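Asks: I'd like to ask some things about the structure below.
Each reported figure results from applying straightforward, stated rules to the coordinates on display, with no laboratory input. These numbers were taken from a predicted model, which means no experiment stands behind them. Because the Cβ atoms are built from the backbone with ideal geometry, glycine has one as well, and the counts that use them run over all protein chains shown.
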Amino acid sequence: MDSSQLAELAAEACDDRKAVDIQLIRVDEVSSLADWMVIAGGLSEVQVRAIAKSVQDRLEDDAQRLPLRREGLNEGKWALLDYGELIVHVLQPAERGFYDLEAFWSHGEQHNFVSTEISQAT
């Protein structure tokens, strides 16, 4: 599974827990930090943790991948999962607005995630 497929899988896992405004940003041409960033919103501490767990479970089950590092899961305001070529951020609205990761990575190739539920309904 390549890094773009891994990013899509993570975005789908976020969507499974009703994450809001899921963004995929390809950063491999502008940074050596990772190939992709997935940024998703959770509306509560419980939802942020549930989204992060969904990503961990899906990537472990479907791609046999475990995160190299995990941060913020206990607090539930901002969770970070680092898979090497993929970094997943799940943030509550206040943290997302404050850190504005989309603007920070705006020189990367931005992709809006379209939920499979929405695309099947149209």
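Asks: Apply the Karplus parameterisation 6.51 cos²θ - 1.76 cosθ + 1.60, with θ equal to phi minus 60°, to every residue of the stretch 96-106 and state each ³J(HN,Hα) to the nearest whole Hz, in sequence, with x for glycine and proline.
Replies: Karplus-based 3J(HN,Hα) across the stretch 96-106 equals 5, x, 5, 7, 6, 4, 4, 5, 4, 9, 5 Hz.
Asks: Can you work out the Karplus-derived ³J(HN,Hα) for every residue in the stretch 52-60? Use 6.51 cos²θ - 1.76 cosθ + 1.60 with θ = phi - 60°, whole Hz, and x for glycine or proline.
Replies: 4, 5, 4, 5, 4, 5, 5, 5, 5
Asks: Okay, moving on. Let me have the relative contact order for the chain, percent, based on Cα pairs under 8 Å that are six or more residues apart.
Replies: With pairs under 8 Å counted, the relative contact order is 30 percent.
Asks: Determine the calculated [θ] at 222 nm for the chain from helices alone, applying -39500 (n - 2.57) to every DSSP H run no shorter than 4 residues and normalising by the residue count; nearest 500 deg cm²/dmol.
Replies: After summing the helix terms and dividing by residue count, I get -12000 deg cm²/dmol.
Asks: Which value in nm describes the separation of the simple spin-label points at TYR99 and GLU71, placed 7 Å from the Cα toward the beta carbon?
Replies: Between TYR99 and GLU71, the simple spin-label model gives 0.7 nm.
Asks: Still on this structure, I have one more. Which GluC sites (Glu not before Pro) from the stretch 21-75 combine a DSSP loop assignment with at most 12 other Cβ atoms within 10 Å?
Replies: GLU29
Asks: Now, a different point. If every alpha-carbon in the chain counts as one equal scatterer, what log10 I(q)/I(0) does Debye give at q = 0.12, 0.19, 0.23 1/Å?
Replies: -0.37, -0.99, -1.44
Asks: Here's another thing I want to ask about it. Could you give the Stokes-Einstein D for the stretch 16-86 in µm² per second, using the C-alpha Kirkwood radius, 4 °C, 1.567 mPa s?
Replies: D = 103 µm²/s.
Asks: For the chain, give me the percentage of DSSP beta bridges that are antiparallel, rounded to the nearest 5 percent.
Replies: Approximately 75 percent, going by the DSSP bridge assignments.
Asks: I'd like to know which of SER106, CYS14, LEU43 lies farthest towards the positive end of the charge dipole of the stretch 3-114, counting +1 on Cβ of Lys and Arg and -1 on Cβ of Asp and Glu.
Replies: LEU43
Asks: Can you compute the charge dipole magnitude of the chain about its Cα centre, using +1 on each Lys and Arg Cβ and -1 on each Asp and Glu Cβ, nothing else charged? Give it in debye, rounded to the nearest 20.
Replies: 400
Asks: Based on alpha-carbon centroids, what's the gap between the stretch 1-48 and the stretch 85-117 in Å, whole number please?
Replies: Going from one Cα centre to the other spans 7 Å.
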